[in-house]
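What follows is one structure encoded as structure tokens, with my remarks underneath.
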Amino acid sequence: MPRTKSKVVRSSLAKAPTGIQGLDEVTGGGLPKGRVTLLCGSAGCGKSLLAMEFLVHGAVQYGEPGVCMDFEETEQKLAANVASLGFDLRELSKSKKLLVDYVSVERHEIAETGEYNLEGLFIRLGHAVKAIKAKRVVLDSIEALFSGLRDDTILRSELRRLFQWLEEHKLTAVVTGEAGEQTLTRHGLEEYIADCVIALDHRVTEQISTRRLRIVKYRGTSHGTDEYPFLIDREGISVVPITSLTLAHKVSTDRISTGIPVLDEMMEGKGFFRGSSVLVSGTAGTGKSSLAANFTGAACARGEDCLYFAFEESPSQILRNMRSVGIDLEPWVKRGLLHFHAMRPTSIGLEGHLAAIHKMIEKLRPRVVVIDPITNLVSPAGTYDVKSMLMRLVDFLKVEQITSMFTNLTFAGDPQARTAAAVSSLMDTWIVLRDSKPGGRSRRELYVLKSRGMAHSREPRELIVSDRGIELGGVLTDYSSAPTAAGLSKVVASE
Amino acid sequence: MKKSSAKKRAPTKTSRSDFYQLRLYIAGHTPNSMAAIANLKKICEEKLQGKYRIEVVDLLEKPQLAKGDQIIAIPTLVRRLPPPVRKIIGNLSKTESVIVGLDLQPAR
């Protein structure tokens with residue numbers, strides 16, 4: 001976070017950025033500078049990784065060397081873990097940016113014969129801090145001391161002294177602790193830490209795992225009490241940031257083609273607004289993906305980067321299927337304009353998907369994003385408020401002026417299913433596709449149910465998908481049930 | 001007793017199996033450190049006359065030595081010889097625990 005010299009900023013709490021995507025937003029700039037932060041959670045929840053990232057990013061990006069006192073893993077093992085995130089621990093320690101001290105505490109080799117204190121630990125830490133002029137410290141996990149030393153009273157008073165020592169030396173520290181059954185940490189470390197406590201959680205429900213982060217306490221900073229989903233992947237941790245939900249983003253008057261001339265025609269002859277969100281809903285086989293692919297192809301032809309999230313088919317399958325209807329996306333993939341990102345909807349939780357989507361968008365900064373289909377993401381089965389997360393995503397896309405298209409599968413007889421209704425209020429444009437059989441001939445129909453900020457056509461047209469691509473026919477006059485906007489809008493009355 | 005600087009290596013080959021090489025880690029002249037030195041000297045004189053060597057390491061002077069023997073607590077006594085290495089912590093006031101901890105054979 002850039003530091004300004006304004007009085008307002010100076011009077012607020014100084015922060016040490018973690019460099020972890022999303023976490024700095026959630027904490028208003030990072031962890032409290034010169035203070036101790038407790039990071040707690042059960043085994044395998046990502047505590048050590050988060051702590052290490054804080055340290056490595058500090059050393060690499062923010063010019064703050066760091067010391068890690070690791071009570072669990074040896075220097076070699078830790079080096080291997082950090083290497084998986086693309087950092088060379090050996091190089092970092094050679095250039096005196098990072099120092100790891102493995103502290104082995106094994107009860108069976110220690111007999112206690114009278115009074116003692118933990119001055120040895122203090123000396124080691126002090127020595128390490130001095131050696132590289134460290135500004136950051138990680139103690140992972142200091143609770144190992146409880147299993148190694150028998151005298152709880154000495155240990156507790158020494159821990160208190162240790163945390164004081166860290167603050168006296170103006171070190172920004174992260175202390176990890178294993179989650180307890182009734183308490184945040186097994187040995188009640190939270191009693192000693194007044195400034196910042198962050199809890200990580202890894203839940204598996206119905207075989208789908210979701211990781212969440214919650215700021216339990218952060219003195220002097222207003223913070224959300226929400227649980228933020230986070231991801232762990234090859235690049236480490238990323239937290240889904242809470243973008244401002246104020247509707248203050250700039251709207252564009254710039255228009256972009258839908259990829260179908262007649263559809264552009266239906267929308268004042270200009271197509272979608274740039275940065276708007278488009279929902280394409282329809283029953284199975286009505287051509288939702290084709291429409292999305294066509295839109296993508298048109299964007300690529302304008303030289304715009306596109307990111308296509310596929311939840312049902314592999315990229316190669318999509319490419320093959322689209323070729324069969326005359327849409328060749330392969331050249332755009334080869335030219336690096338079109339990026340596919342395929343995920344199985346069940347591989348990670350809903351929040352996880354949204355987190356992954358967020359991250360990819362941040363990384364590639366495309367002009368157009370397609371999510372095909374969104375159906376699985378908005379299923380009402382999600383315990384967490386998926387809609388609010390989706391709102392965050394849509395909001396984020398709008399702020400970034402990224403035009404987005406979401407396809408949504410609906411079921412016959414219920415074209416405006418509840419899921420679609422839940423999502424539609426977030427969408428600027430809603431295109432409905434459907435099958436119909438007037439006079440025994442089967443055909444596909446398309447109409448624009450709504451499109452904010454423009455005078456659009458409401459008349460249905462035939463959607464013709466052939467090996468020459470997607471085309472729209474003339475206005476249909478013989479459609480069975482009139483798709484009056486008024487009638488259909490009942491579903492979205494909450495809008 | 002003189003404080004010897006930490007020697008790199010003990011004369012393993014020449015030492016007999018009942019020779020005790022002990023290293024006591026302290027941090028400045030605190031009451032616990034002073035007590036540990038006195039207690040250790042007394043126990044050794046009683047149990048290991050002529051068969052021991054004590055080396056006192058003050059970590060305030062040589063903090064870099066704390067890592068090698070994995071020192072956390074002060075005072076810590078490390079039995080470097082005979083093998084295996086044993087570690088006991090505290091001011092060594094509980095003589096029985098020291099004897100057990102160092103696995104001292106009763107004086108013959």
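Just so it is clear, none of the values below were taken in a lab; they were calculated from the coordinates. Computed from a predicted structure; not experimentally measured. Note that each Cβ is placed from the backbone with ideal geometry, even for glycine, and that neighbours are counted across all protein chains shown.
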Considering Cα pairs under 8 angstrom that are at least six residues apart, work out the relative contact order of segment B:20-102 and quote it in whole percent. 41
Rounded to the nearest 0.05, what FRET efficiency do B:ASP103 and A:GLU235 have when you use their Cβ-Cβ distance and R0 = 35 Å? 0.10
Going by amide H atoms built from the backbone, whose H comes under 5 Å of the H on A:LEU338, apart from near neighbours? A:CYS306, A:VAL333
Considering amide H positions built from the backbone, and no H for Pro or chain starts, which residues 5 or more places from B:VAL57, or on another chain, come under 5 Å of its amide H? B:LEU24, B:TYR25, B:ILE26
Phi to ³J(HN,Hα) by Karplus 6.51 cos²θ - 1.76 cosθ + 1.60 over segment B:87-99, Hz, x for Gly, Pro: 10, 10, 10, x, 7, 6, 7, 8, 3, 4, 4, 5, 4
Between A:GLU265 and B:LYS67, how many nm apart are label points set 7 Å from Cα along the C-beta direction? 7.6
Tell me, what HN-Hα J-couplings in whole Hz come from the Karplus equation 6.51 cos²θ - 1.76 cosθ + 1.60 at θ = phi - 60° for each residue of segment A:286-300, using x for Gly and Pro? 8, x, 4, 5, 4, 4, 5, 5, 5, 4, 4, x, 5, 5, 5
What are the ³J(HN,Hα) couplings of segment A:463-471, residue after residue, when phi is run through the Karplus curve with 6.51, -1.76, 1.60 and θ = phi - 60°? Round to Hz, x for glycine and proline. 9, 10, 10, 9, 6, 9, x, 9, 9
Can you give the FRET efficiency for A:GLU75 and A:LYS250, using 1/(1 + (r/R0)^6), R0 = 60 Å, r = Cβ-Cβ distance, to the nearest 0.05? 0.75
Treat each spin label as a single point 7 Å out from the Cα along the C-beta direction, and report the B:ALA38 to A:SER425 distance in nm. 7.9
Pairs from A:LYS94/B:LYS87; B:LYS62/B:LYS87; A:LYS47/A:LYS217; A:LYS96/B:LYS67; A:LYS15/A:LYS77; A:LYS217/A:LYS250 whose Cα-Cα separation, in the structure shown, is over 23 Å: A:LYS94/B:LYS87; A:LYS15/A:LYS77; A:LYS217/A:LYS250
Can you spot the aspartates and glutamates whose alpha carbon is less than 14 Å from A:LYS398's alpha carbon? Ignore those fewer than 8 places along the same chain. A:ASP254, A:GLU362, A:ASP428
Cα gyration tensor shape of segment A:255-479, rounded if a/c is under 1.5, else prolate or oblate by comparing a/b with b/c: rounded
